[in-house]
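Undergrad: Once you've had a glance at the structure underneath, I'll fire off some questions.
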């Protein structure tokens, strides 16, 4: 064996070299941007109908082409906007003298190939500049995952409360065992409102069950409704853009906020990328979302992140897909959720484009639990990274959506959530939650610290709860009878939002008083220095006050 140079021996042992990397292979779609097989931009309109798009005649359109042409592009301005040189559009994106409104109008008339060309004209700093101007909501938000390996509802309620207390605007769960789904939804609904009145929650399950939970008021939003950039992948999923649009209408008609999910690399994973770049195919997904009338999109590669992360420029393409979503005037939950790297340096770098620019939801799933408990296959950051994240906010004077908390306050909020869950289970006739479980959930790091529950009994009870027709109103009554009238009021206020429908506006979240904050009443107004959202005043003081900072009183 050849003698090794010792520095290379050390380098080989570094975390980053446990990651997987490949060279570009455009023929199978392993190319982030600008594949030789990407179509050239073109459009032709006759009598208000797009009859040719990106070199394909209407009679040769696949169903994605047809949906995009008919529903996602403003044919009345398309030829005019497509005539603008690509580099000029790119410059308008970063020009502080060009308004968000003007850029959004231009993008309303562009085809996917034209948009891909604009993105390829930008470096990653310019992309971040574009997101800073183009994100829909002025105020930054964040979303957390709250799951666990045991689907333990007591722990999940406590973790949801802690996540809300840290400042997340949304929380999301999924299951280890499918039949636990209703209990997980219940845990997030109760625990979330303990931690932060007004927090929105969802339960990522099979779509019909997810919709039913929402209709019953046990969840407030949905986002795991996937769309794809090629017809073959859609067909493999037994879906079309029209079926997804119908599902979106079903959610909206019942007052449930929802967004689609997509991400660079999904078509490669399904082996139907047709030799086209990951970004070009993802732009088609964004346009399908726009055409379906959905208020937003969860993208940023999501569960496919290892694919773009393995090719040159892949993380740049991920930021580009977030930018495209904002340019099409959609809410963006910008990924950073699934873990993809062994390297803490690389994990942080992957986040920085969205963190520095600010997005509607910087993470579409910051793990509020240890990653061993994260049933979404782990997150880019988890609960062990809270202090690092809070310090980054403080160091760079950036609002990342979270706030410093004290150990004492977290213990209180976790305990209250666990006790509220205990009361709800008792009032609804569900399997008993013991005081030992409440105590354990209050102080637990993760599910390994929890007593075992009878899983067979729990899953049967969860399904029986659905058969009985338990709704959010029943949860309100259970909380009130159980002695948690303040939490009951919060859950009731959340149900009222379903009637008003105000949080169906683009980029809508709720504050702690259940006021809607959206792109309607909080539209991003960034147009250079001195404009847009600024971290200042009481919020800046809050971000500064991390728990390890020494004060004059300490000295």
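Undergrad: Any residue in the range 120-139 that is under 28 Å from residue 31 (Cβ atoms) sitting within a Cβ distance under 6 Å of a residue that is modelled with pLDDT under 95 and in a helix (DSSP H, G or I)? List the pairs, counting only those 6 or more apart or interchain.
TA: Cβ pairs passing all conditions: none.
Undergrad: Can you find a residue that is assigned by TED's automatic domain parsing to the domain that holds residue 159, surrounded by fewer than 24 Cβ atoms within 10 Å (Cβ to Cβ), in contact (Cβ under 8 Å) with a residue 40 or more places away in the chain and part of a helix (DSSP H, G or I) anywhere in the range 366-376?
TA: Yes: the range 366-376 contains one or more residues that are assigned by TED's automatic domain parsing to the domain that holds residue 159, surrounded by fewer than 24 Cβ atoms within 10 Å (Cβ to Cβ), in contact (Cβ under 8 Å) with a residue 40 or more places away in the chain and part of a helix (DSSP H, G or I).
Undergrad: Would you check which residues across the range 14-26 are touching a helix residue (DSSP H, G or I) at 6+ places or on another chain (Cβ under 8 Å) and part of a loop (DSSP other than H, G, I, E, B) and list them? Talk me through it step by step, then tell me what you get.
TA: Going residue by residue through the range 14-26, those that are touching a helix residue (DSSP H, G or I) at 6+ places or on another chain (Cβ under 8 Å) are 15-17, 19-20.
Matches in the range 14-26: 19, 20.
Undergrad: Residue check: is residue 512 touching a residue at least 60 places away in the same chain (Cβ under 8 Å), surrounded by 13 or more Cβ atoms within 10 Å (Cβ to Cβ) and either at negative phi or assigned to a strand (DSSP E or B) (or both)? Before you say what the answer is, go through the steps one by one.
TA: Values: touching a residue at least 60 places away in the same chain (Cβ under 8 Å): yes; surrounded by 13 or more Cβ atoms within 10 Å (Cβ to Cβ): no; either at negative phi or assigned to a strand (DSSP E or B) (or both): yes.
Criteria not met by residue 512.
Undergrad: For a quick check of your reading: which helices (runs of 4 or more DSSP H) sit entirely within the range 268-330 and have at least 2 residues that are out of contact with any helix residue (DSSP H, G or I) (no Cβ under 7 Å at 6 or more places or on another chain)?
TA: 278-291
Undergrad: Of (1) farther than 19 Å from residue 418 by Cα; (2) surrounded by fewer than 24 Cβ atoms within 10 Å (Cβ to Cβ); (3) not assigned by TED's automatic domain parsing to the domain that holds residue 291, residue 197 satisfies all except one. Which?
TA: So the condition that residue 197 fails would be (1).
Undergrad: Might you let me know whether the range 303-312 holds any residue that is closer than 26 Å to residue 391 by Cα and in contact with a strand residue (DSSP E or B) (Cβ under 7 Å, 6 or more places away or on another chain)?
TA: Yes, there is a match, as at least one residue in the range 303-312 is closer than 26 Å to residue 391 by Cα and in contact with a strand residue (DSSP E or B) (Cβ under 7 Å, 6 or more places away or on another chain).
Undergrad: Taking residue 29 as the residue in question, decide whether it is surrounded by 21 or more Cβ atoms within 10 Å (Cβ to Cβ) and either in contact with a helix residue (DSSP H, G or I) (Cβ under 6 Å, 6 or more places away or on another chain) or free of Cβ contacts under 8 Å to residues at least 12 places away in the same chain (or both). Before the answer, list the steps.
TA: Numbers: surrounded by 21 or more Cβ atoms within 10 Å (Cβ to Cβ): yes; either in contact with a helix residue (DSSP H, G or I) (Cβ under 6 Å, 6 or more places away or on another chain) or free of Cβ contacts under 8 Å to residues at least 12 places away in the same chain (or both): yes.
When the stated conditions are applied, residue 29 passes them.
Undergrad: Could you pull out the residue among 79, 102 that is more than 17 Å from residue 325 (Cβ to Cβ) and in contact with a strand residue (DSSP E or B) (Cβ under 6 Å, 6 or more places away or on another chain)? Steps first, please.
TA: Details: 102 fails: in contact with a strand residue (DSSP E or B) (Cβ under 6 Å, 6 or more places away or on another chain).
Criteria check complete, one pass: 79.
Undergrad: Take residues that are touching a strand residue (DSSP E or B) at 6+ places or on another chain (Cβ under 9 Å), in contact (Cβ under 8 Å) with a residue 24 or more places away in the chain and on the phi < 0 side of the Ramachandran plot and tell me which of the helices (runs of 4 or more DSSP H) falling wholly in the range 172-237 contain 3 or more. Walk me through it before giving the result.
TA: Numbers: elements: 181-195, 207-215, 231-236.
Passing ranges, in order: 181-195, 207-215.
Undergrad: Here's a follow-up. Any idea which of (1) within 27 Å of the chain's Cα centre (by Cα); (2) surrounded by 15 or more Cβ atoms within 10 Å (Cβ to Cβ) is the one residue 66 doesn't satisfy?
TA: With respect to (1) within 27 Å of the chain's Cα centre (by Cα); (2) surrounded by 15 or more Cβ atoms within 10 Å (Cβ to Cβ), residue 66 is out only on (1).
Undergrad: Among the listed residues 237, 263, which satisfies the condition of being over 29 Å from residue 428 (Cα atoms), at pLDDT below 95 and within 18 Å of the chain's Cα centre (by Cα)?
TA: Values: 237 fails: within 18 Å of the chain's Cα centre (by Cα).
Testing whether each residue is over 29 Å from residue 428 (Cα atoms), at pLDDT below 95 and within 18 Å of the chain's Cα centre (by Cα) leaves just 263.
The values are calculated or read from the model by the stated rules, or taken from the named source; none is laboratory data. Bear in mind that the values here come from a model prediction, so they are computed numbers and not experimental data. Cβ atoms come from the backbone with ideal geometry, glycine included; neighbour counts cover every protein chain shown.
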